[in-house]
Amino acid sequence: MDWGMKNRLNHLMPNGKCFFMPIDHGYFQGPTTGLERPGDTVRPLLPYVDALFCTRGVLRSAIDAAISKPIVLRVSGGASIIGADLANEEITTSIREVIRVNAAAVGMSIFVGSAYERQSLSNLGKLVNDCEDYGIPVMAVTAVGKELVKREARYLALCCRIAAELGARVVKTYWCGEFEKVVNGCPVPVIMAGGPKCDTQKEVFEFVHDGMQKGAAGINLGRNVWKTPHPVAVAKALRAIVHNNASVKEATEIFKETTEDKTPAGVRQE
Ligand code: 5RP
């Protein structure tokens, strides 16, 4: 692996572990609840995450260029939540643009088993060709569109393996039961998305902890952080699970300590 690729991956995944913060949902959902002003949403969370996942539009309009966190640029799109098929995506962002905004990596969705399977997989191959020339890692996102039932080990293992075979350096998928089957069949790091907001906080800590124990390299988890009443406390607790091997009990304690912290906001070290 070339120095540039290694360097980018090390910044994105210190010690091989990562907590990416996705704020890319607007590219097909519009002004998602909690992300109406993405810059404000993400600002207090930045100290706890390793990278931001967003489109070039949000990057330019809402993120301070002085940011020290690496950027994973969402480079696929072209479908919307009210359109005919969420899987009908193309690559929306050129490699010149990726380099121009100083992205550390790019991310795109693949839709295995959909009517647009071939299109999205061939787009992944082309994106990898472009990005490898410049030492930029590609993160493949195993999207399920509206079919949330697809979040099971056999399907996700298939998607992750195909993404890795086509050259993705990292694969983002969903947590599921028997998650070890997904990780064990994939030769590159696998990270977990959160999906729609869970009913309880404990549920989130539990699935993240389970996935990490079963070999995940980290998380790319948005709605279950910034849609909650205490996003900073959740982010702190998740960081402890991902980077410090915290148990669910320890994460819950960190969460409680942070939500109970009565120090005035201006004095707090968040
Ligand atoms: C949406 C994405 C998101 O990055 C991904 O789903 C993670 O976010 P969440 O934890 O909210 O599911 O790819 O297009």
Within the group 135, 145, which residue is more than 15 Å from the ligand (Cβ to nearest atom), surrounded by 15 or more Cβ atoms within 10 Å (Cβ to Cβ), assigned to a loop (DSSP other than H, G, I, E, B) and not aliphatic (A, V, I, L, M)? 135
For residue 53, are the conditions met, namely being assigned to a helix (DSSP H, G or I) and not basic (Lys, Arg)? no
Number of positions in region 103-126 that are over 18 Å from the mean Cα position of the chain (by Cα) and in a loop (DSSP other than H, G, I, E, B): 5
Check whether at least one residue in region 7-19 is within 12 Å of the ligand (Cβ to nearest atom) and under 18 Å from the mean Cα position of the chain (by Cα), and report yes or no. yes
When you check residue 41 against the structure, is it over 15 Å from the mean Cα position of the chain (by Cα) and surrounded by fewer than 21 Cβ atoms within 10 Å (Cβ to Cβ), yes or no? yes
Quick check: is even one residue across region 70-83 over 26 Å from residue 188 (Cα atoms), surrounded by 13 or more Cβ atoms within 10 Å (Cβ to Cβ) and more than 13 Å from the ligand (Cβ to nearest atom)? no
Residue check: is residue 191 more than 18 Å from residue 43 (Cα to Cα), modelled with pLDDT of 95 or more, away from the ligand (no atom under 15 Å from the Cβ) and β-branched (Val, Ile, Thr)? no
When region 21-47 is examined, which residues are found to be within 15 Å of the ligand (Cβ to nearest atom) and in a helix (DSSP H, G or I)? 26, 27, 28, 29, 38, 41, 42, 45
Does any residue of region 7-21 turn out to be surrounded by fewer than 18 Cβ atoms within 10 Å (Cβ to Cβ) and within 15 Å of residue 140 (Cα to Cα)? no
For the structure I just gave you, tell me whether residue 117 is modelled with pLDDT of 95 or more and within 16 Å of the ligand (Cβ to nearest atom). no
What tally of residues in region 180-203 results from selecting those that are in contact (Cβ under 8 Å) with a residue 12 or more places away in the chain and acidic (Asp, Glu)? 1
Can you tell me which of 256, 214 is modelled with pLDDT of 95 or more and more than 25 Å from residue 72 (Cβ to Cβ)? 256
I'd like the full set of residues that are touching a Pro at 6+ places or on another chain (Cβ under 9 Å), among the aliphatic types (A, V, I, L, M) and not in a helix (DSSP H, G or I), limited to region 210-228. 216, 217, 221
Among the residues of region 87-101, how many are crowded, with 21+ Cβ neighbours inside 10 Å and either outside any loop (DSSP other than H, G, I, E, B) or in contact with a Gly (Cβ under 7 Å, 6 or more places away or on another chain) (or both)? 3
Of the candidates 207, 255, the one satisfying the condition of being surrounded by 21 or more Cβ atoms within 10 Å (Cβ to Cβ), free of Cβ contacts under 8 Å to residues at least 60 places away in the same chain and more than 16 Å from the ligand (Cβ to nearest atom) is 255
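The values are calculated or read from the model by the stated rules, or taken from the named source; none is laboratory data. Since the model is a prediction, treat every value here as computed from it, not as a measurement. As a convention, Cβ positions derive from the backbone with ideal geometry for all residues, glycine included, and neighbour counts pool all protein chains shown.
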